[in-house]
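A short write-up of the structure that comes next.
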Amino acid sequence: KIDAGLRQARNEQWFSQNGDAGILVPIGDFPGESSEDVFTWSLSPQFKLNDDAMVYLRAATGYQPGGPNVALPGMPPTVDSSMLASYEIGLKSAFADQRVLLDVAAYRIDWEDIQVAASFNGVGGLVNGGEATSEGLELSARFRATANLNFGINGAYNKATLKNDFQPAVIPQDGYDVVSNSGLAGDRIPYVPEWSWSATAEYAFSAGAGLNGQVGGALRWLGVRLNGTTERTRVTAPGDPSTVLMEEIVAPIGLDSYAALDLYAGIGRGNWEVRAYVNNVTGSDGWSSVELIGSEVTGVPVQTVAVPILPRTFGVELDFRF
């Protein structure tokens, strides 16, 4: 079996930035327009080895639309689309009389013209960065120990890095230039852990009188992540980026790994079910995101804002299907 697809897209936008006061952006009207044509495709052949196993390949491209940008010296008036090409090969199988299900996949993603934020004096815009790659391996398995008891495990390895320095934003000033890079070659992609896994277990039971229920849990683990890429700001001689007068490098913040245990139980009959759960049973500490907040005047970081993972959470749900 072979699936294939083609897509042609055109995006057109008209915009205007109108400023009548202030010191951060130019005063006046700055109209403009952007347009682009984007072609994407996909190809996915599949081959059944037997009734219980299938090998597949998939190659596809995609894009994130570009568009207008803030009118600011040194910022491009428009931003091009970010383009993505992904390649995947995998195996889906069942054996031991359908008691074991096993899926394995290896993949590679190539990303170019990445849209990244750039700012100067508190004004932010977008620039097209460089290229990045993501390579990894994923495994998913489920084991039916008995007619009522199931175990599962999922694991992933992902190496996601920038291939080159992001395109710098050059902000001309009186007597010098400010050259800002928001990502450097070799940086890891933000918030992508190298390793992650989860393990699940569920037991289904019948309580009589038409009542059926289940109890189960999941243990999930997320590896070390970084909150961003390396930011490098250079002050250079006017028109001569090779003459560096000053350089400042801000490294990303690391987020530690964490594990959390979730438990649940439910019972129902026919078209209704009541379910109780406790997420993060042990109250594990962990962070979903971390961000440095800079001064709007100087740009120097003045505080850190962090979002924790959900603490121990109790809940009850009632489902009714009609």
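Are there any pairs, at least 6 apart or on different chains, whose C-beta atoms fall under 8 Å, with the first in region 224-250 and open to solvent by 80 Å² or more (accessible area, probe 1.4 Å) and the second aromatic (Phe, Trp, Tyr), and if so, which?
The qualifying pairs are PRO238/TYR176; LEU245/TYR176.
Are any residues in region 224-275 of a type in the set (S, T, N, Q), within 30 Å of the chain's Cα centre (by Cα) and not in a strand (DSSP E or B), and if so, which ones?
Once the filter is applied, which keeps residues that are of a type in the set (S, T, N, Q), within 30 Å of the chain's Cα centre (by Cα) and not in a strand (DSSP E or B), region 224-275 yields ASN227, THR229, THR230, SER257.
Checking the structure you have, find out if any residue of region 155-169 is surrounded by fewer than 17 Cβ atoms within 10 Å (Cβ to Cβ), more than 30 Å from ILE293 (Cβ to Cβ), touching a strand residue (DSSP E or B) at 6+ places or on another chain (Cβ under 8 Å) and of a type outside the set (Lys, Arg).
yes
Of all residues in region 42-70, how many are polar (S, T, N, Q), touching a Gly at 6+ places or on another chain (Cβ under 9 Å) and open to solvent by 40 Å² or more (accessible area, probe 1.4 Å)?
Here the count works out to 0.
When both residues are 6+ apart or on different chains and their Cβ atoms are under 8 Å apart, which pairs have a first residue that lies in region 26-47 and is in contact (Cβ under 8 Å) with a residue 40 or more places away in the chain, and a second that is surrounded by 14 or more Cβ atoms within 10 Å (Cβ to Cβ) and basic (Lys, Arg)?
Final answer for the pair search is LEU43/ARG58; SER44/ARG58.
Could you please let me know if ALA185 is in a loop (DSSP other than H, G, I, E, B), of a type in the set (A, V, I, L, M) and touching a residue at least 12 places away in the same chain (Cβ under 8 Å)?
So ALA185 fits the description; yes.
Could you list, in sequence order, all residues of region 110-130 that are modelled with pLDDT of 90 or more and open to solvent by 50 Å² or more (accessible area, probe 1.4 Å)?
Within region 110-130, TRP111, GLU112 meet the criteria.
Out of the residues in region 204-218 that are closer than 15 Å to VAL274 by Cβ and of a type in the set (S, T, N, Q), state the one that is least open to solvent (accessible area, probe 1.4 Å).
GLN214
Residues checked against (1) modelled with pLDDT under 95; (2) touching a Phe, Trp or Tyr at 6+ places or on another chain (Cβ under 8 Å); (3) of a type in the set (D, E, K, R):
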{"residue": "LEU222", "(1), (2), (3)": "no, yes, no"}
{"residue": "ARG225", "(1), (2), (3)": "no, yes, yes"}
{"residue": "GLY228", "(1), (2), (3)": "yes, no, no"}
{"residue": "THR236", "(1), (2), (3)": "yes, yes, no"}
{"residue": "GLY239", "(1), (2), (3)": "yes, no, no"}
{"residue": "ILE253", "(1), (2), (3)": "yes, no, no"}
{"residue": "GLY266", "(1), (2), (3)": "no, no, no"}
{"residue": "GLY270", "(1), (2), (3)": "yes, no, no"}
{"residue": "PHE314", "(1), (2), (3)": "no, yes, no"}
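So, in region 21-41, of the ones that are modelled with pLDDT of 85 or more and surrounded by 15 or more Cβ atoms within 10 Å (Cβ to Cβ), which residue ends up nearest to GLN98 (Cα to Cα)?
THR40
Filter region 188-223 for residues that are outside any strand (DSSP E or B) and either under 16 Å from ALA132 (Cα atoms) or of a type outside the set (A, V, I, L, M, F, W, C) (or both) and give the result.
ILE189, PRO190, TYR191, VAL192, PRO193, GLU194, GLY210, GLY223
Being within 30 Å of GLY152 (Cβ to Cβ), touching a Lys or Arg at 6+ places or on another chain (Cβ under 7 Å) and of a type in the set (Lys, Arg): is that true of ARG108 here?
no
Please work out if GLY74 is at pLDDT below 80 and on the phi > 0 side of the Ramachandran plot.
Yes: the conditions hold for GLY74.
Quick test for you: out of LEU91, LEU102, pick the one residue that is in contact with an Asp or Glu (Cβ under 8 Å, 6 or more places away or on another chain), surrounded by fewer than 18 Cβ atoms within 10 Å (Cβ to Cβ) and within 30 Å of ASN150 (Cβ to Cβ).
Only one candidate qualifies: LEU91.
The values are calculated or read from the model by the stated rules, or taken from the named source; none is laboratory data. Since the structure is predicted, the reported quantities are computational estimates derived from the model, not experimental observations. No Cβ is skipped: glycine too gets one built from the backbone with ideal geometry, and neighbour counts run over all protein chains shown. Remember, those area values only see protein heavy atoms, side chains included, never the ligands or the DNA or RNA. Shrake-Rupley method; radii C 1.70, N 1.55, O 1.52, S 1.80 Å.
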